[in-house]
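What follows is a single structure, written as structure tokens, with notes after it.
The values are calculated or read from the model by the stated rules, or taken from the named source; none is laboratory data. Note that this is a predicted model, so its numbers are computed, not measured. Neighbour counts are summed over all protein chains in view; Cβ atoms, including those assigned to glycine, are modelled from backbone coordinates with ideal geometry. SASA here: full protein model, heavy atoms, side chains in, ligands and nucleic acids out. Shrake-Rupley method; radii C 1.70, N 1.55, O 1.52, S 1.80 Å.
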Amino acid sequence: MKKFAIAVDGPAGSGKSTVAKAVAKKLGIIYVDTGAMYRAVAYFCIYKGISPSDEVGVLDLLEEMNLEIQPQEGGQRILLDGEDITDKIRTQEIGQGASNVGKIQSVRQKLGDMQREMAKNHVVIMDGRDIGTYVLPRAEVKIYMDAGVDERAKRRMGELEAKGEKPDFASIRQEIIQRDENDMNRVHNPLCKAEDAVYLDTTNMSIDDVVNEILKICKEKISEV
Ligand code: C5P
């Protein structure tokens with residue numbers, strides 16, 4: 001298969017990972033969840049008792065951090081010093097911590113380099129906040145997925161309820177607003193739509209609708225698909 005890359009960006013809870021995983025499966029390519037990498041850094045900080053906002057402390061930790069991404073069918077596993085932390089990093093606290101470590105430029109540089117390396121070695125669909133603008137600016141397909149904040153909070157509630165949790169709608173909604181605010185206004189690589197990205201408002205679209213729309217865009221832009 002000729003090399004190509006699909007970049008998917010958008011705010012918290014816009015459905016990027018669900019959709020990107022499904023597109024990866026349909027096309028037989030690798031899905032890379034870059035948010036999980038920021039979450040892993042936040043997890044390591046919290047584990048070591050360092051605040052994710054403490055730039056000097058985070059940079060020291062980054063030096064000793066042994067992070068490994070294993071692309072697999074149906075998603076990716078993320079290993080820290082050989083321990084599989086994929087499921088442990090999906091909490092609200094770690095999401096907020098990820099948003100804080102994501103403000104630090106050297107963290108972005110290190111993770112960005114790892115992400116580019118993966119795209120060099122595999123055909124990927126990669127989701128995050130700065131993939132189309134910074135990590136893979138020459139990706140063949142760029143999508144910016146958005147949805148209204150109430151809809152995004154509803155989707156997050158559904159995910160947490162499916163895991164047996166009893167989330168509070170108001171606090172989930174507030175956390176999403178706070179993360180949008182952080183991600184869109186940080187100094188280094190803030191979340192924004194790449195000029196050449198296709199904007200998809202998924203508020204009233206089903207997962208299948210969004211997957212089919214992205215597959216259609218891929219067929220138009222990549223001759224091998
Ligand atoms: O997508 P997810 O909710 O797992 O991302 C967690 C946080 O990681 C985001 O709110 C964002 O601050 C940060 N992130 C980032 N750049 C990326 C992916 C995630 O700054 N490419």
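Within straight-line reach of residue 120, meaning a Cα separation under 18 Å, sit the following aspartates and glutamates at least 8 residues removed in sequence or on another chain: 33, 68, 130, 140, 224. Residues whose amide H comes within less than 5 Å of that of residue 203, counting only those at least five positions distant or on another chain, are 148 (H built at 1.01 Å from N in the peptide plane). What a 1.4 Å probe finds exposed on the chain is 48% carbon and sulfur by accessible area, rounded to a whole percent. Distance between the C-alpha centers of segment 153-222 and segment 84-132? Whole Å please. Centre-to-centre distance over Cα atoms comes out at 16 Å.
List the residues whose amide H sits under 5 Å from the amide H of residue 32, counting only those 5 or more places along or on another chain, with H placed 1.01 Å from N in the peptide plane. Here 125, 126, 127 satisfy the definition.
When shorter helices are ignored and each DSSP H run of at least 4 residues is given -39500 (n - 2.57), the per-residue value for the chain at 222 nm works out to -15500 deg cm²/dmol.
Which of the listed residues, 11, 51, 62, is farthest toward the dipole's positive end in the chain, when Lys, Arg count +1 and Asp, Glu count -1 at the beta-carbon? Most positive-ward Cα: 11. Going down the table (103/142; 25/48; 2/26; 88/193; 154/221; 26/154), which pairs top 28 Å between alpha carbons? Going by Cα-Cα distance, 25/48; 88/193; 154/221 fall outside the 28 Å limit. The shape of the chain comes out oblate: with a ≥ b ≥ c from the C-alpha gyration tensor, a/c is at least 1.5 while a/b does not beat b/c.
Accessible surface for the chain, divided over its residues, is 48 Å² per residue with a 1.4 Å probe.
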